[in-house]
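The values are calculated or read from the model by the stated rules, or taken from the named source; none is laboratory data. Predicted, not measured: the structure shown is a model, and the values here were computed from it. Positions of Cβ are backbone-derived with ideal geometry, glycine not excepted, and every protein chain shown enters the neighbour counts.
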Amino acid sequence: MSHVIWITGATGAIGSALARRLDARGCKLVLTARDADRLAALAETLSGEALVLPGDLVEPGTAAALLKQAEETLGPVTGFSHCVGSTLIRPLHLTSETDLNAIFQLNYFSAFHALKAFVAAALKHKQTSSAVLIGTLVAQAGFPNHEAIASAKAAVAALAMSAASSYAEKGIRVNCVHPGLTRSALSARLTGTPEAIERNTKMNPMNIIGEGEDSAAMIDFLLSDDARWITAQQLSVDGGQAVIHPLPKS
Ligand SMILES: NC(=O)c1ccc[n+]([C@@H]2O[C@H](COP(=O)([O-])OP(=O)(O)OC[C@H]3O[C@@H](n4cnc5c(N)ncnc54)[C@H](OP(=O)(O)O)[C@@H]3O)[C@@H](O)[C@H]2O)c1
């Protein structure tokens, strides 16, 4: 079956790695982020069909309007991955209302609007479909000073679980991938210098900082027909960091 996949945050580390993987296996792509020039530059590097549809997904009407345009050009969109997000490392008592709103708008509300539009379209075209949202390691374990982003991403994870339950019977799968620290623009403070990389590598059980490709490989699988019986799952791509603890020392 030929797939048409919508990648939001397509120019990011995870989104662009996903675009390259899906392009290589013959999917048609719909690429969204705010910066149209960066999207066009990405599309030029791909060999197959890629429709560039820029937009700000924090705006409530944007996702549905973009999907409508995508379907008019490429037909039903059967896969979707929301690779949009940001981070905030700030203690709870210093987190302002503005910080909190911005984090929830970009990480949770954008995911809600985009998944809602995708599901509404999938219900109309009645084809099996797969959506993958992105949470984070810090919503799976306690990390200091991550209260705002951890709770916004926990809400994303809950959104995926509930939507998976609502639409399982209709053949619409929804899963959530939780990356650990991954080299990207978003994580530049923690991955942008050799010193930061060395410090943060040591905190990971496998002594690895992720690349966009690591999470993209999992998302690619979840979007594929090989994952046809997998839904409502929370899948960590973090070298085990959410669950592995060091051996206590005597
Ligand atoms: N990197 C990590 O360590 C890490 C860890 C855990 C979870 N994650 C999650 O993984 C996902 C991808 O992260 P990444 O590291 O690949 O990020 P990234 O490289 O910073 O990319 C973010 C992408 O989102 C787009 N974007 C930002 N705001 C947008 C908006 N309002 N509307 C539409 N697009 C928007 C950006 O393009 P424009 O700026 O042009 O809009 C870019 O394409 C995010 O959900 C993030 O929270 C990342």
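Observations, loosely collected:
- Single residue of Arg21, Arg34 found to be modelled with pLDDT of 95 or more and more than 15 Å from Ala217 (Cβ to Cβ): Arg34
- Against the test of being farther than 25 Å from Gln241 by Cβ, without any contact (Cβ under 8 Å) to a residue 40 or more places away in the chain and touching a Leu at 6+ places or on another chain (Cβ under 7 Å), the options Thr73, Thr98 yield a single qualifying residue, Thr73.
- Segment 125-137, residues that are surrounded by fewer than 24 Cβ atoms within 10 Å (Cβ to Cβ) and either closer than 14 Å to Leu115 by Cβ or of a type outside the set (Lys, Arg) (or both): His125, Gln127, Thr128, Leu137
- Condition check for Lys153: more than 14 Å from the ligand (Cβ to nearest atom) and of a type in the set (Lys, Arg): no
Let's see how each residue does on (1) part of a helix (DSSP H, G or I); (2) more than 8 Å from the ligand (Cβ to nearest atom):
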site	(1), (2)
Ala10	no, no
Leu22	yes, yes
Val30	no, yes
Arg34	no, no
Ala43	yes, yes
Leu51	no, yes
Ala70	yes, yes
His93	yes, yes
Thr98	yes, yes
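- Segment 205-239 - residue that is in contact with a Leu (Cβ under 7 Å, 6 or more places away or on another chain) and part of a loop (DSSP other than H, G, I, E, B) and, of those, farthest from His3 (Cα to Cα): Ile209
- Residues in segment 151-177 that are surrounded by 23 or more Cβ atoms within 10 Å (Cβ to Cβ) and closer than 16 Å to Ser86 by Cβ: Ala152, Lys153, Val156.
- Scanning segment 161-189 for residues that are within 13 Å of the ligand (Cβ to nearest atom), within 19 Å of the chain's Cα centre (by Cα) and assigned to a helix (DSSP H, G or I) yields a single hit, Ala188.
- Test: Thr231 is closer than 29 Å to Ala164 by Cβ, β-branched (Val, Ile, Thr) and surrounded by 15 or more Cβ atoms within 10 Å (Cβ to Cβ): yes
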